[in-house]
Amino acid sequence: MDIKALDRQYVANTYGRADVVFVSGRGAEILDEQGNRYIDLGAGIAVNSFGVADPVWAKAVTEQLGRLQHMSNLYYTEPCVKLAKLICERTGFKKVFFGNSGAEANECAIKTARKWAFDRYGDESHSTIITLKNSFHGRTITTLSATGQEAFHTKFGPFTPGFVHASAQDAGEVRAFAEKDNCCAVMIELVQGEGGVVPLTREYVDEVVKIAKEHDLLLIVDEVQTGNGRTGTLYAFEQFGFMPDIVSTAKGLGGGLPLGACLLGEKVERTLGAGDHGSTFGGNPVSCAGALSILERIDDELLADVRRKGEYVKAALTGAKGVKSVTGLGLMTGILTDKPAGEVAKAALKRGVVVLTAHEKVRLVPPLTITDEQLEKAIEILKEVIGE
Ligand SMILES: *Cc1c(COP(=O)(O)O)cnc(C)c1O
């Protein structure tokens with residue numbers, strides 16, 4: 001069976017796929033159709049937190065699968081309750097809304113912020129949300145509006161109104177929007193992932209937090225990519241010294257199954273009531289059972305390991321031949337190379353290393369559990385490819 005040809009014939013043409021069919025794997029090693037082995041520095045776009053077919057995760061998932069795969073949110077089920085409790089205990093958030101993706105988690109964050117403002121002002125006068133230039137928040141019509149990149153604001157209009165985009169470098173732009181007195185929230189990624197793995201500076205974030213306080217704005221942090229251990233703390237906000245009002249997350253949370261979550265802080269824990277929001281698949285027992293097995297193992301030891309491995313990657317690549325700059329946090333790295341990033345990714349794949357791109361950068365988001373040996377080997381190959 002020619003999978004590539006059949007994909008081109010029958011699957012919607014929304015993806016420019018790399019020239020490989022993956023069939024199996026274990027941890028950070030994956031195998032293609034021909035049995036070629038690859039070291040995975042992409043983790044399915046920061047999704048496979050513990051790599052492929054992690055046995056503990058697979059056991060949790062299959063046991064739940066054999067008991068109850070879905071009952072809808074009309075009834076109580078155990079896995080989503082356990083997961084919500086664990087997330088709240090580990091973060092200080094009060095409640096969790098579960099969806100299936102990052103965009104859906106952000107939709108919940110946006111609806112919550114607008115409802116909070118509606119409750120506060122009695123009308124929709126404060127519905128505007130400030131987001132940042134170069135951000136990425138998803139592919140729905142509303143999350144495209146939230147995304148601060150002009151390239152995403154064509155072809156599919158009319159887009160959802162009520163978003164303004166401020167500089168991610170100069171907090172003055174955030175302040176100027178906040179002073180217009182029609183906003184309810186600021187929504188930021190602490191490391192702009194799709195935008196090229198660009199961390200915000202601590203000074204900038206401090207300033208935004210201050211502006212939000214002064215102007216009574218909710219602070220929403222999109223941790224779809226940075227969350228769940230990726231940056232070396234359970235959530236990235238922990239490294240920036242503030243407590244957001246809302247955090248959205250997804251990608252690595254489910255360990256490979258679709259799961260998104262919107263974490264609600266004190267100010268907004270009662271904002272959404274019965275009937276205000278929902279999702280048929282949200283909080284699916286199988287996804288949640290898997291997520292629980294992931295989150296339980298993202299402990300201090302693993303997080304220290306993520307930070308150590310991240311430092312190693314940064315040190316190994318900084319100043320290497322063909323490398324212009326290295327940015328990132330924890331095991332989330334962006335590399336600006338002399339060669340176009342797409343070319344590097346293609347050549348690395350041929351040499352058995354899977355990497356991603358983000359804008360003009362090569363992006364590395366390996367499984368958190370990648371071994372030192374795998375990481376060193378993959379980085380050596382990548383350095384050769386970049387320097388050739
Ligand atoms: C990937 C991503 C999203 C979108 O998530 P989906 O699961 O594809 O809907 C939103 N925000 C950020 C920061 C992301 O990295």
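Remarks
- Gained length - Tyr75 relative to Val56, 0.36 nm times residue gap less alpha-carbon distance: 4.1 nm
- The calculated FRET efficiency for Glu388 paired with Ala18, based on their beta-carbon distance and R0 = 25 Å, is about 0.85.
- Using the Cβ of Lys94 as centre and a radius below 15 Å, the other residues enclosed give a net charge of +1, where K and R count +1 and D and E count -1.
- Accessible area of region 60-157 belonging to carbon and sulfur atoms, whole % at 1.4 Å probe: 56
- Heavy-atom surface of region 266-331, accessible at 1.4 Å and reported per residue (Å²): 48
- Within the chain, longest stretch free of exposed chymotrypsin sites (Phe, Trp or Tyr not before Pro) [DSSP loop, at most 14 other beta carbons within 10 Å]: 157-388
- For Ala289, net neighbour charge (Lys/Arg +1, Asp/Glu -1) across residues whose Cβ lies under 10 Å away: +1
- Intensity falloff of region 277-388 expressed as log10 I(q)/I(0), Debye formula with alpha-carbon point scatterers, at q = 0.13 Å⁻¹: -0.57
- The stretch between Phe156 and Ala274, if pulled fully straight at 0.36 nm per residue, gains 39.3 nm over its current Cα-Cα span.
- Of the GluC sites (Glu not before Pro) found in region 133-200, those that fall in a DSSP loop while having at most 12 other beta-carbon atoms within 10 Å are Glu179.
- Cα-based helix-to-principal-axis angle, 55-67 vs the chain, degrees rounded to 10: 60
- Principal-axis tilt of helix 202-214 within the chain, Cα atoms, nearest 10 degrees: 20
- Two-decimal log10 I(q)/I(0) for region 42-133, as the Debye equation yields it once each C-alpha is a single scatterer, q = 0.12, 0.16, 0.20 Å⁻¹: -0.61, -0.97, -1.25
- Nonpolar atom fraction for region 241-388, defined as the carbon and sulfur part of the 1.4 Å probe accessible area, stands at 52 percent.
- For region 130-190, the gyration tensor built on C-alpha atoms gives a prolate shape. Its axis ratio a/c (a ≥ b ≥ c) is at least 1.5, and a/b is the larger of a/b and b/c.
- Centroid-to-centroid separation of region 40-70 and region 306-340 [C-alpha atoms, Å]: 28
- Using the Cβ-Cβ distance between Phe281 and Lys346 with R0 set to 35 Å, the FRET efficiency works out to roughly 0.50.
- Working from Cα pairs under 8 Å separated by at least six residues, relative contact order for the chain is 23 percent.
- Fraction of the pair-distance distribution of the chain above 31 Å, Cα-Cα pairs, percent: 37
The values are calculated or read from the model by the stated rules, or taken from the named source; none is laboratory data. Remember, it's a predicted structure, so these values are computed and weren't measured experimentally. Every residue, glycine among them, receives a Cβ derived from its backbone with ideal geometry; neighbour counts consider all protein chains shown. Heads up: the accessible areas ignore ligands, DNA and RNA and are worked out on the full protein's heavy atoms, side chains in. Shrake-Rupley method; radii C 1.70, N 1.55, O 1.52, S 1.80 Å.
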